[in-house]
Amino acid sequence: MPAHDLTHFAVESTLGFRYGFYGLLTDGWEITDFATPWPRGPIPDQALVVELIVGFFDAERRQGEAMTAEAFQKQAEQYVASRRAVGKKMPDGLRWLTDAELERVRARRDDLLAQWTAMPSGSVLELEFVRVFAGERGGAHN
């Protein structure tokens, strides 16, 4: 799904996550490594955090209403608590976002989606994923 994948790119590149979907692909993971039988083992916690963030961006895009950082955090806390309550593994060290970070991700995502939409059928959108090494902005933290 292009919108979801482009949202991943926006989240990971804007917030500096090193080990989300695109970071793992950069490390040599294959698409099939992200599903059973999990040939590379469990998905790293940072990738799970990224997936949670991307899921909330996908939900707000479908609903057509942007969340504040406070609302984003409350929904994330509720989601994590409900999953843990039924015995599901959830990542430690969730990354709380500021309103400014949310706006930067939305702007990047919207730009990527506009590029995708404007492309002629059969075209390829090539993006370069660049990891942040100095000053590590995207670590999972509270």
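Give me the pairs, please: first residue somewhere in segment 67-82 and of a type in the set (Val, Ile, Thr), second residue anywhere and part of a loop (DSSP other than H, G, I, E, B) and modelled with pLDDT under 90, beta-carbon distance under 7 Å, and either six or more positions apart or on two chains.
Listed by first residue and then by second, the contacts come to Val80/Met90; Val80/Leu94.
Does segment 94-110 contain at least one residue that is in a loop (DSSP other than H, G, I, E, B), of a type in the set (Ser, Thr, Tyr) and open to solvent by less than 60 Å² (accessible area, probe 1.4 Å)?
Checking segment 94-110: not a single residue is in a loop (DSSP other than H, G, I, E, B), of a type in the set (Ser, Thr, Tyr) and open to solvent by less than 60 Å² (accessible area, probe 1.4 Å).
If Ala134 meets every condition in (1) modelled with pLDDT under 95; (2) assigned to a helix (DSSP H, G or I) apart from one, which number is that one?
(2)
Which ones in segment 1-42 are surrounded by fewer than 21 Cβ atoms within 10 Å (Cβ to Cβ) and of a type in the set (Val, Ile, Thr)?
Thr14, Thr26, Ile31, Thr32, Thr36
Return the only residue of Ala66, Ala59 being assigned to a helix (DSSP H, G or I), open to solvent by less than 70 Å² (accessible area, probe 1.4 Å) and aliphatic (A, V, I, L, M). Reasoning before the result, please.
Values: Ala66 fails: assigned to a helix (DSSP H, G or I).
The match here is Ala59.
For Thr117, all conditions in the list (1) open to solvent by 80 Å² or more (accessible area, probe 1.4 Å); (2) over 19 Å from Met1 (Cα atoms); (3) of a type in the set (Val, Ile, Thr) hold save one; what is the number of the exception?
In the conditions (1) open to solvent by 80 Å² or more (accessible area, probe 1.4 Å); (2) over 19 Å from Met1 (Cα atoms); (3) of a type in the set (Val, Ile, Thr), Thr117 misses (2) alone.
Could you please let me know if Ala140 is modelled with pLDDT under 95, in contact with a helix residue (DSSP H, G or I) (Cβ under 7 Å, 6 or more places away or on another chain) and outside any loop (DSSP other than H, G, I, E, B)?
no
Does segment 1-21 hold any residues that are part of a helix (DSSP H, G or I) and among the hydroxyl-bearing types (Ser, Thr, Tyr), and which are they?
Those that are part of a helix (DSSP H, G or I) and among the hydroxyl-bearing types (Ser, Thr, Tyr): Thr7, Ser13, Thr14.
The values are calculated or read from the model by the stated rules, or taken from the named source; none is laboratory data. Predicted, not measured: the structure shown is a model, and the values here were computed from it. Note: ideal-geometry Cβ built from the backbone for every residue, glycine included; neighbour counts use all protein chains shown. In case anyone asks, the SASA skips ligands and DNA or RNA and just uses the protein heavy atoms, side chains included. Shrake-Rupley method; radii C 1.70, N 1.55, O 1.52, S 1.80 Å.
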